[in-house]
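What follows is a short report on a single structure.
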């Protein structure tokens, strides 16, 4: 293992600024690490060495000529393969997009390139970001660097595994019901979902448009804050992107959290949470008290309805979003001659995997005549109740603490029942329903597997969230341990 | 209320998915498992509760109708399964 791959993005940045190292050296170290370990971890779907090295050389040349550069210029990053990279295959983990080469750039990709970050490749995911383990990927299952027989979580499992395996210091994921935070938790890294609308979704291949949000993943809280600085901001290409001004989201890191009001919603400690996870989260809560926070139990009474309403709303939106895959304009087309409807039906049957088909069908059913009011409208009403629960809690508290995932990383194939798999997101789904920012940070181990703590805050209070996460991270050592991958 | 195999086939048609018989078997149970999860919602009193479609307040965004640079036709057609003479090609659907 090269020393360069153990550096955080911030450490990389400092060494780049002092010209102790070049971006080419850092990028080569990342590519060599990928070459050495990705045969086992399988975090990546596509690696782009030539592109990455060319980008690194451009940043090095700019630095040599004294041009002003962004803080993370020259730092390698990996992207979940549902963000469009022009000229680089973008699959969303689906066979239906197996040969898709986007003609345009996602806004996050343009922003990263403008900031000089070096994109080294595209990471694996559950097909169209639907899943919690990468086992639904149309290509392969990624492995958890802490135990290669276990899943890295999902759907951003490749992005989480790549960071945990020291292939890159930071990556981007997308989070619709927990898809950044749950894999971060299972891989022992930091993963953050910003407020809905903070980061443009333009060029993010859609799953459920009212819930999807792109966010950073890294080994430290500061790295995630700095990466969010690079990608956040209003975008005219995404009408749901917020006009709320961006700020330096790392500004609170290092400040005291004395007097921070923390709520512990009691509903999040049932829900199949294992004793190990509950104990680790309780210990973290005690640590927060030690750091001067004021901790109180609270209640979010509609939590138990979140999962069911999510599995109406997200599939309803996906059934509409995925209607575009018809075998005409791009993507896979069946070779069978089948007439007009038959062409579409066969193309989609061949191109989509079982989980995606299931969600399209449940969404279609929930939106169909006679069921719309009973399911879709009711789910949206429940969504209002869930949001109100959080509004009420945030009148009393700055931050809420819960487990990120009810358990640690599970074995590949262990959750064969689709419903059991869906329960892996029970602690993260309500946050997307309310559009809130939340972060998962390491808070312990059980039998050698990482446990994650989830912090949630009010809309647009990301700086406060990073402040609270950073204080705990600095007071503990959980995140400093590397996966025992050789 | 459980979905039968026939119901699943009907929803598959609405979803434009031609499932094999085996797939219909595989999909019926998870679909019914989800529907059963939804039962809990039906018991909840939501009288007078406004539905939320977006967690954050979003409004329609308008802009001037101005011509701006966009993708070229070749770029747009580059990913088409089949293209010819600047058009997407689809199989013939009307008999001779």
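The values are calculated or read from the model by the stated rules, or taken from the named source; none is laboratory data. Since the structure is predicted, the reported quantities are computational estimates derived from the model, not experimental observations. Cβ atoms come from the backbone with ideal geometry, glycine included; neighbour counts cover every protein chain shown.
Data table
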| quantity | calculated |
| --- | --- |
| Set A:158, A:173, A:197, A:153: member being part of a helix (DSSP H, G or I) and at pLDDT 95 or above | A:158 |
| Unique match (being in contact (Cβ under 8 Å) with a residue 12 or more places away in the chain and surrounded by fewer than 24 Cβ atoms within 10 Å (Cβ to Cβ)) among A:132, A:105 | A:105 |
| Any hit, the stretch A:327-349, residues being at pLDDT 95 or above, at positive phi, crowded, with 22+ Cβ neighbours inside 10 Å and not in a strand (DSSP E or B) | yes |
| Options A:418, A:406; residue that is within 29 Å of residue B:45 (Cβ to Cβ), out of contact with any strand residue (DSSP E or B) (no Cβ under 7 Å at 6 or more places or on another chain) and surrounded by fewer than 24 Cβ atoms within 10 Å (Cβ to Cβ) | A:406 |
| Flag for residue A:93 being at pLDDT 95 or above, under 15 Å from residue A:47 (Cα atoms), more than 14 Å from chain B (Cβ to nearest Cβ) and assigned to a strand (DSSP E or B) | no |
| Spans of helices (runs of 4 or more DSSP H) in the stretch A:402-478 with at least 3 residues within 14 Å of another protein chain (Cβ to nearest Cβ) and either within 18 Å of residue A:221 (Cβ to Cβ) or touching a residue at least 60 places away in the same chain (Cβ under 8 Å) (or both) | A:418-422, A:429-434 |
| Given (1) modelled with pLDDT of 95 or more; (2) at the interface with chain B (Cβ under 8 Å from one of its Cβ atoms), number of the condition residue A:320 does not satisfy | (2) |
| From the options A:282, A:271, residue that is over 30 Å from residue B:79 (Cβ atoms) and either within 14 Å of chain B (Cβ to nearest Cβ) or touching a residue at least 40 places away in the same chain (Cβ under 8 Å) (or both) | A:271 |
| Check on residue B:85, more than 10 Å from every other protein chain (Cβ to nearest Cβ) and closer than 30 Å to residue A:89 by Cβ | yes |
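This table checks each residue for (1) touching a helix residue (DSSP H, G or I) at 6+ places or on another chain (Cβ under 9 Å); (2) facing chain A (nearest Cβ under 7 Å); (3) over 19 Å from residue A:302 (Cα atoms); (4) buried (at least 16 other Cβ atoms within 10 Å of the Cβ).
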position	(1), (2), (3), (4)
B:2	yes, no, yes, no
B:12	yes, yes, yes, yes
B:20	yes, no, yes, no
B:34	yes, yes, no, yes
B:45	no, no, no, no
B:60	no, no, yes, no
B:63	no, no, yes, no
B:68	no, no, yes, no
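To keep it simple, each residue is scored yes or no on (1) surrounded by fewer than 18 Cβ atoms within 10 Å (Cβ to Cβ); (2) more than 21 Å from the chain's Cα centre (by Cα); (3) part of a loop (DSSP other than H, G, I, E, B).
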{"position": "A:14", "(1), (2), (3)": "yes, yes, no"}
{"position": "A:27", "(1), (2), (3)": "no, yes, no"}
{"position": "A:38", "(1), (2), (3)": "no, no, no"}
{"position": "A:53", "(1), (2), (3)": "yes, yes, no"}
{"position": "A:79", "(1), (2), (3)": "no, no, no"}
